[in-house]
Amino acid sequence: MATTTDQSALTYAEAAYLMWLEWEEERHRDGAPQMMPWDDMSESFRRLLVLGRYGHRVEA
């Protein structure tokens, strides 16, 4: 069951931070496939990842 916090609106910066946390956690997990460091990605690619994951919650 989703909590109110899970469904609340986010700023793009908040969504990007959450995506970064998830990305880095996955990247450092044992046995994880090789993943590009967040800081090595272009801003447009990071934006695609963030909006693909949290776009429904990001405030316009």
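The values are calculated or read from the model by the stated rules, or taken from the named source; none is laboratory data. Being a predicted model, the structure only gives us computed values, none of them experimental. Note that we place each Cβ from the backbone using ideal geometry, even for glycine, and neighbour counts take in every protein chain shown. Quick note on the areas: whole protein, heavy atoms, side chains included, nothing else; ligands and nucleic acids left out. Shrake-Rupley method; radii C 1.70, N 1.55, O 1.52, S 1.80 Å.
When the residues of the range 21-36 are narrowed to those that are part of a helix (DSSP H, G or I) and either open to solvent by 90 Å² or more (accessible area, probe 1.4 Å) or of a type in the set (D, E, K, R) (or both), which ends up nearest to His56 (Cα to Cα)? First the steps, then the outcome.
Residues of the range 21-36 part of a helix (DSSP H, G or I): 21-27.
Those left that are additionally either open to solvent by 90 Å² or more (accessible area, probe 1.4 Å) or of a type in the set (D, E, K, R) (or both): 22, 24-27.
Details: Glu22: 17, Glu24: 22, Glu25: 22, Glu26: 22, Arg27: 24 Å.
Among those residues, the one meeting the criterion is Glu22.
The set of residues in the range 37-51 being surrounded by fewer than 10 Cβ atoms within 10 Å (Cβ to Cβ) and not in a loop (DSSP other than H, G, I, E, B) consists of Asp39, Asp40, Glu43, Ser44. Within the range 26-41, residues that are over 15 Å from Ala16 (Cα atoms) and touching a residue at least 12 places away in the same chain (Cβ under 8 Å) sit with their Cβ atoms under 8 Å from residues that are of a type in the set (Phe, Trp, Tyr) and open to solvent by less than 70 Å² (accessible area, probe 1.4 Å), at 6+ positions apart or across chains, in these pairs: Met35/Trp23.
If you filter the range 19-40 down to residues that are in contact with a Phe, Trp or Tyr (Cβ under 9 Å, 6 or more places away or on another chain) and modelled with pLDDT of 90 or more, you find that the one that is farthest from Ala9 (Cα to Cα) is Trp20.
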